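A short write-up of the structure that comes next.
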Amino acid sequence: QVQLVESGGGLVQPGGSLRLSCAASGSIFSIVAMGWYRQAPGKQRELVAIYNWGGSTNYADSVKGRFTISNEYAKNTVYLQMNRVKPDHTAVYYCKTDFYSNPPVSPITSWGRGTQVTVSS
């Protein structure tokens, strides 16, 4: 079993910054990727950014140049630095990881419970 603990959400003013963290723990043999998704009210959950454990990253076009995803391999942790935020960034942000348990038969997906980000003046 794997646990994802998210932190860093809250209320931020337009143009401000926020940093989300997500730490994975439990029966992890190796991580394939960790990333962030978001779901705004009345909308479907969508990709924000992914950190592939091989070192590459992927971003939604809407956040390129504003958000940066990074990680700490030793801590199985991924961060999302959100800069110059806008009201339409308001959503619940979910952490997701794809990983192998032991024995590494096939990848498993696990989701965090989500952290609320509200951008408002």
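The values are calculated or read from the model by the stated rules, or taken from the named source; none is laboratory data. On a predicted model such as this, the values are computed, not experimentally measured, just so you know. Here the Cβ is made from the backbone with ideal geometry for all residues, glycine too, and neighbour counts use every protein chain on show. SASA here: full protein model, heavy atoms, side chains in, ligands and nucleic acids out. Shrake-Rupley method; radii C 1.70, N 1.55, O 1.52, S 1.80 Å.
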Could you run the Karplus curve 6.51 cos²θ - 1.76 cosθ + 1.60 with θ = phi - 60° over the range 50-63 and give me ³J(HN,Hα) per residue in whole Hz, x for Gly and Pro?
-> 10, 10, 7, 5, x, x, 8, 10, 9, 10, 5, 4, 5, 10
For LYS43, go through the lysines and keep the ones whose alpha-carbon is under 19 Å away, minus same-chain ones fewer than eight residues off.
-> LYS86, LYS96
Treating only the Cβ atoms of Lys and Arg (+1) and Asp and Glu (-1) as charged, compute the dipole magnitude of the range 10-121 about its Cα centre; round to the nearest 20 debye.
-> 260 debye
Note down the net charge around GLY112, summing +1 for each Lys or Arg and -1 for each Asp or Glu among other residues with Cβ under 14 Å from its Cβ.
-> +2
Filtered chymotrypsin sites (Phe, Trp or Tyr not before Pro), the range 7-41: DSSP coil and at most 15 other beta carbons within 10 Å | PHE29
For the chain, what is the accessible area per residue in Å², given a 1.4 Å probe and the full set of protein chains?
-> 53 Å²
Relative contact order of the chain, defined on C-alpha pairs under 8 angstrom at six or more residues apart (%) | 36 percent
Take the Cα radius of gyration of the range 28-98 and divide it by 2.2 N^0.38 Å, with N its residue count; two decimals is plenty.
-> 1.11
If you find the alpha carbon centre of the range 14-28 and of the range 58-81, how far apart are they in angstrom?
-> 9 Å
With all protein chains present, how much of the accessible area of the chain (probe radius 1.4 Å) comes from carbon and sulfur, to the nearest whole percent?
-> 48 percent
For labels at ALA60 and ARG45 in the simple 7 Å Cα→Cβ model, what's the distance in nm?
-> 1.3 nm
Local electrostatic count, CYS95, Cβ distance below 10 Å [Lys/Arg +1, Asp/Glu -1] = +1
The range 108-121 - phi-based ³J(HN,Hα) in whole Hz, Karplus 6.51/-1.76/1.60, Gly and Pro as x = 10, 10, 9, 10, x, 7, x, 9, 7, 10, 10, 10, 7, 9
